[in-house]
Structures are given as C-alpha cells and as structure tokens.
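Encoded as structure tokens, the structure appears first; notes follow it.
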Amino acid sequence: MRAIGKGSLASILAAGLHVTRIILWIAFIGLAIAMIMVPFAVGIMSAVDGATNLSIDGNVAVDAEDYINIGHNFVTFAVMLFVVDRLLEILKTLRFGSPFVRENADRFRGVGFALLIGEGAKFAFGFLSLVTDTDVDINSQFITWLAIISVFVLAEVFSEGARMKEEQDLTV
Amino acid sequence: MSISVKLDRVLLERGMSLTELSERVGVTIANLSILKTGKAKAIRFSTLEAICKELDCQPGDILFFDEKD
C-alpha cells in the first residue's frame, strides 16, 4: 500500500483524523458549556429539585478541584484540536502535492509550540492544585517531552527540505 | 546574489529570441526566464554548455561576478 497519494495510508490517516476532529470539537464545546455552567451548578440543581420535587442527594457544591479539572481538560482539548488541525493540513499537502513546503515547517513548529503550551498548562494547573490543596491528578510524561523535541526536529527537517526543493526548482 | 546573468544582452547581440533559444537548447521558456531574470539559484553545466554552444559564446559572456551585490 502506498504511503502518500490518493487512496494511500495518508488518506486513511486523514479520514481518521477528520473523525477525531469532530469528536474533539464536540468534547471541546461540551467543556466550554460546562465551564460557563459550573458557577451556576448549585442554582440549576436547586431549580431542578424544586420543579420536579425530586430530592437530589449528594454534594452539588462546586469546588476548586472541579474548576482545575475542567480548565485542564479545556486546555488539553484545545491543544489536541490544534494539533489534529495542523496534521490534517500537512496530510493534505502530502496527498495532493509536495510536502516539502515552508508552510509545513511552520505547521510542525506550531504543533511543537502547542504541545509545549499544553505541558506548561499541566504544570500551571498542577501548581494551582498544590496551592488550593486539591487532589487533581496531573502528571507530565517523559514521552511527551520526547515527542515535543521530535516535532521541533521534524520542523527543521521540513524547513531544510523546503529550502532544497526551492533550490531544485530554481536550478536551470 | 553577487552572480548576475546577462543572457538578454547576448541574445540581443545574436538577434535571437528567448523562444528560439528555448527550442534550440531544449530548456523550457519558463526556466530560461528564471535564468534571464536572475531568479535562478543554480545552473547545470549541461544547460550552460548548450546555451554557449547555441549562442557561440563563453560562460563568462553570460555570467558576471559583482562583489557589490
């Protein structure tokens, strides 16, 4: 099976990423709604309780842990959406033309920075968790840092590839 | 770039058009235009040889080095 071109592995990967993007958008919108609704959670619960005469047991109070969790997931999904979007753009150039263009180097760099922001946000939320004395499970993995470095290296490879392609195109 | 191409001048001296040169050397007009306008990053020896043969000139008649650029 071919790696690039129409009906290739790149096409299958692109189809998978399109589905992933839809799922991520739904999750992202859900989280955005949750972020807006969380401050009113107690009021909504009370209103539902009063209207339906149902007794809602349990703790409906919103604490710092919930905010940190939602905030962390919000940033994570935003980063994932950005990365998937960039990867789809890169795959498009792979399927329909030459992948060695300066735009792809910039896209890989963008992915690297997005992952870096994602990891930075993890530390920020982890710090918030410590400050507020809440039990939020946020941990940074070595493999993620390896991926970030690899993406930046890949960006440089594409940048050099684009330069060589340009030189080849302008060789008479 | 400090190397400049004076292909248009040699063409004018020989009374030859770019299209004619293109047909004679087997290089596309687009590529010759890149060369003529100084946008080219490199030139193959085979291309230079073909151009010099058709225009009956030396590489030095086409390519110039100017340190100021």
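The values are calculated or read from the model by the stated rules, or taken from the named source; none is laboratory data. Predicted model only: the values in this text are computed from it and were never measured. Here the Cβ is made from the backbone with ideal geometry for all residues, glycine too, and neighbour counts use every protein chain on show. Each accessible area value is taken on the protein alone, full model and side chains, heavy atoms only, with ligands, DNA and RNA left out. Shrake-Rupley method; radii C 1.70, N 1.55, O 1.52, S 1.80 Å.
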Checklist entry - Picking from A:Ile138, A:Ile143, which residue would you name as being modelled with pLDDT of 90 or more and of a type in the set (Val, Ile, Thr)? => result A:Ile143
Next on the checklist: Among the listed residues B:Asp66, B:Asp61, identify the single one that is within 11 Å of the chain's Cα centre (by Cα) and more than 10 Å from chain A (Cβ to nearest Cβ).
Outcome noted: B:Asp61
Next on the checklist: So, B:Leu7, is that one within 14 Å of chain A (Cβ to nearest Cβ) and over 19 Å from A:Gln168 (Cα atoms) or not?
Outcome noted: yes
Checklist entry - Can you tell me which of A:Ala105, A:Ala155, A:Ala162 is of a type in the set (A, V, I, L, M), under 22 Å from A:Ala3 (Cα atoms), within 14 Å of chain B (Cβ to nearest Cβ) and open to solvent by less than 40 Å² (accessible area, probe 1.4 Å)? => result A:Ala162
